[in-house]
Amino acid sequence: MPTVVVVGSSVAGVRTVQALRSAGSTDRVVLVGEESELPYDKPPLSKQFLAGSWDTEKIRLLTAEQATELDVELRLGAAAERLDVAGRQLHLADGSALDFDVVVLATGAAARPSPWPVGSGVHVVRTLADARALRADLADDGPVVVVGGGFIGAEVAATAHALGRTVTVVDPLPTPIGRVVGDEVGEHFTALHHRHGVRTCFGTGVESISGAVGDLTVTLTDGTSLPAATVVVGIGAVPNDGWLATSGLLVENGVTCDQHCRAVDSPDVYVVGDLARWYHPGHEEHLRVEHWTNAVDSAVVAAHNIAHPDDLRAHAPVEYVWSDQYDWRIQIVGRPARATRHELVGSLDGDTARGAVLYTDDGGRLRGAVTVNWPKALVTCRRLVSAGAGFADAVAQVGALPPARAAA
Amino acid sequence: MPRLTADHEACQGYGNCITGAPDVYDIDDDGVVVLLKDEIPDSDRARVEEAARSCPVSALAVED
């Protein structure tokens, strides 16, 4: 019986093994994970889990019973150390090796480490262990400084604020979310912090962090000193591709793949999720995307292609990501950052914000959208971006949507 | 035939299900999932299972 080994037990790996069975695969399937934890979902780690409203059971992606039902062998607590593509073997850190016919690489990305090391009290949020440690520190008093004003930083700031902490967010960019939504719309995201009493120091970098948990000092490049009981560093992620350096695969900020999620020149090696830098046939370029939905979608494509090699599918998604910050549900579709012009339908101001920003480029098509507290507009825009709709038509369609009966 | 279920309390309006199976799932004006069918033929099962598993809060299921 052929063996499929899936390396990585986060959402991309788990969805791959589930999708293999849905696609009718009867191969032996082994799921390998570095952490000894049963697979868990990461988006809640900066939100509901961190806030204490969801427990570990609520974020499980796969239980031991479900793995048995799927006839999937779990090898948890087994870090992948080396991939022998020609010899079709995965070598694990415990000295053992797994033979495979097809391997799926799903080792994801890691939090970019803090460049300001101190003994204690400085956190990143990527793994369950990270979130547990931060959750414990957030139960104490004292100010919190979040370094990094992107999505993780903003979500952690919102959660810490909800837990009653005084929060300051620092980022070297004047409008951190502007990287994704453009600076003009990004100003509304900065205002969202301020409306909740969270201070921002944007356009200012961190010079140093000193002290220890409960008594830290964050010194900014403009000389400002911020006292902090807890510091959270959310400055992006880096692909977990170091272990593949000797594999012979093309590794360059992730593993380079074709449109079918196969590593170039190695058709029995599939790559899914944050680790993949794959060729997007719609955009005609290689991309690496760190979104939950992309991990799930690429897992489904890879599993289908493994089970049906005579009917290969391409992975060509419209980008989609969400973020929950304070009283905003933010949903982003397509590529707003590549746009030249945008239009707002509804409002992003005040306590009852509900709006959609639609983006276009010089070609006159809808290229992306950012919605706040308006899932119906998001779904509409997602469909319109997929269909290549014209911008004016899209603005009219979203403008014609009925108002919500109740605030989202 | 496989039966579809939706947890309307859990649904957060993320909308992934609609991209995967727009003939089965929709969303109402308040952002809550709507089932367009109660049952699906076995031939649709793999596709609808993937759409259900694309829900970030596990609000959807395909049951026997």
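Candidates are the residues of region A:220-261 that are touching a Lys or Arg at 6+ places or on another chain (Cβ under 6 Å) and buried (at least 19 other Cβ atoms within 10 Å of the Cβ); the one that is farthest from A:Phe151 (Cα to Cα) is A:Thr256.
For region A:254-271, a tally of residues being in contact with a strand residue (DSSP E or B) (Cβ under 6 Å, 6 or more places away or on another chain) and in a loop (DSSP other than H, G, I, E, B) returns 5.
Candidates A:Gly282, A:Gly186, A:Gly211: the one that is among the small types (Gly, Ala, Ser) and assigned to a loop (DSSP other than H, G, I, E, B) is A:Gly282. Within the set A:Gly363, A:Gly368, A:Gly350, the sole residue that is open to solvent by less than 10 Å² (accessible area, probe 1.4 Å) and more than 12 Å from chain B (Cβ to nearest Cβ) turns out to be A:Gly368.
Every condition in (1) in contact (Cβ under 8 Å) with a residue 12 or more places away in the chain; (2) more than 21 Å from the chain's Cα centre (by Cα) is met by A:Ala110 except one, and the failing one is (2). Against the conditions (1) under 19 Å from A:Glu319 (Cβ atoms); (2) modelled with pLDDT of 95 or more, A:Gly363 satisfies every one except (2).
Here region A:1-36 is the region considered, the condition is being touching a Lys or Arg at 6+ places or on another chain (Cβ under 9 Å) and within 14 Å of chain B (Cβ to nearest Cβ), and the residue that is surrounded by the fewest Cβ atoms within 10 Å (Cβ to Cβ) is A:Ser22. If I filter region A:59-67 for residues that are within 26 Å of A:Ala157 (Cα to Cα), under 21 Å from the mean Cα position of the chain (by Cα) and open to solvent by 30 Å² or more (accessible area, probe 1.4 Å), do I get at least one hit? Yes.
Considering A:Ala93, A:Ala86, A:Ala80, the condition of being open to solvent by less than 50 Å² (accessible area, probe 1.4 Å) and modelled with pLDDT of 95 or more is satisfied by A:Ala80 alone.
Evaluate the following for A:Val180: is it in contact with a strand residue (DSSP E or B) (Cβ under 6 Å, 6 or more places away or on another chain) and not charged (D, E, K, R)? Answer is no for this residue. Looking across region A:229-246, the residues that are more than 12 Å from the chain's Cα centre (by Cα) and either on the phi > 0 side of the Ramachandran plot or not in a loop (DSSP other than H, G, I, E, B) (or both) come down to A:Thr230, A:Val231, A:Val232, A:Val233, A:Gly242, A:Trp243, A:Leu244.
Answer with yes or no whether A:Thr200 is in contact with a Ser or Thr (Cβ under 8 Å, 6 or more places away or on another chain), in contact (Cβ under 8 Å) with a residue 12 or more places away in the chain and within 22 Å of A:Arg165 (Cα to Cα). So A:Thr200 fits the description; yes.
Across region A:270-326, which residue is most open to solvent (accessible area, probe 1.4 Å) among those that are of a type in the set (D, E, K, R), more than 14 Å from chain B (Cβ to nearest Cβ) and within 16 Å of the chain's Cα centre (by Cα)? Only one residue tops the list, namely A:Glu290.
If you go through region A:18-29 and keep only what is in contact (Cβ under 8 Å) with a residue 60 or more places away in the chain and either touching a Leu at 6+ places or on another chain (Cβ under 6 Å) or among the acidic types (Asp, Glu) (or both), you end up with just A:Asp27. Here A:Arg341 meets the list (1) touching a Ser or Thr at 6+ places or on another chain (Cβ under 9 Å); (2) within 14 Å of chain B (Cβ to nearest Cβ); (3) basic (Lys, Arg) almost entirely, failing just condition (2).
Would a scan of region A:387-407 turn up a residue that is without any contact (Cβ under 8 Å) to a residue 60 or more places away in the chain, of a type in the set (S, T, N, Q), open to solvent by 60 Å² or more (accessible area, probe 1.4 Å) and farther than 20 Å from A:Arg338 by Cα? Within region A:387-407, one or more residues are without any contact (Cβ under 8 Å) to a residue 60 or more places away in the chain, of a type in the set (S, T, N, Q), open to solvent by 60 Å² or more (accessible area, probe 1.4 Å) and farther than 20 Å from A:Arg338 by Cα. Every condition in (1) within 26 Å of B:Cys55 (Cβ to Cβ); (2) without any contact (Cβ under 8 Å) to a residue 12 or more places away in the chain holds for A:Gln89 except the one numbered (1). Would you please name the residue that is nearest to the other protein chains (Cβ to nearest Cβ), looking only at residues in region B:1-54 that are over 25 Å from A:Trp328 (Cβ atoms) and among the polar types (S, T, N, Q)? Taking the candidates together, the pick is B:Ser43.
Return the residues of region A:125-142 that are out of contact with any helix residue (DSSP H, G or I) (no Cβ under 9 Å at 6 or more places or on another chain) and either of a type in the set (S, T, N, Q) or open to solvent by 50 Å² or more (accessible area, probe 1.4 Å) (or both); say none if nothing qualifies.
A:Ala129, A:Ala136, A:Ala139, A:Asp140, A:Asp141 - these are the residues of region A:125-142 that are out of contact with any helix residue (DSSP H, G or I) (no Cβ under 9 Å at 6 or more places or on another chain) and either of a type in the set (S, T, N, Q) or open to solvent by 50 Å² or more (accessible area, probe 1.4 Å) (or both).
For region B:45-56, the count of residues that are open to solvent by 20 Å² or more (accessible area, probe 1.4 Å), more than 23 Å from A:Val318 (Cβ to Cβ) and within 8 Å of the chain's Cα centre (by Cα) is zero.
The values are calculated or read from the model by the stated rules, or taken from the named source; none is laboratory data. The structure displayed is predicted, hence computed values, not measured ones. With ideal geometry, Cβ positions are generated from the backbone for all residues, glycine too; neighbour counts draw on all protein chains shown. The area values use the complete protein model at the heavy-atom level, side chains included, leaving out ligands, DNA and RNA. Shrake-Rupley method; radii C 1.70, N 1.55, O 1.52, S 1.80 Å.
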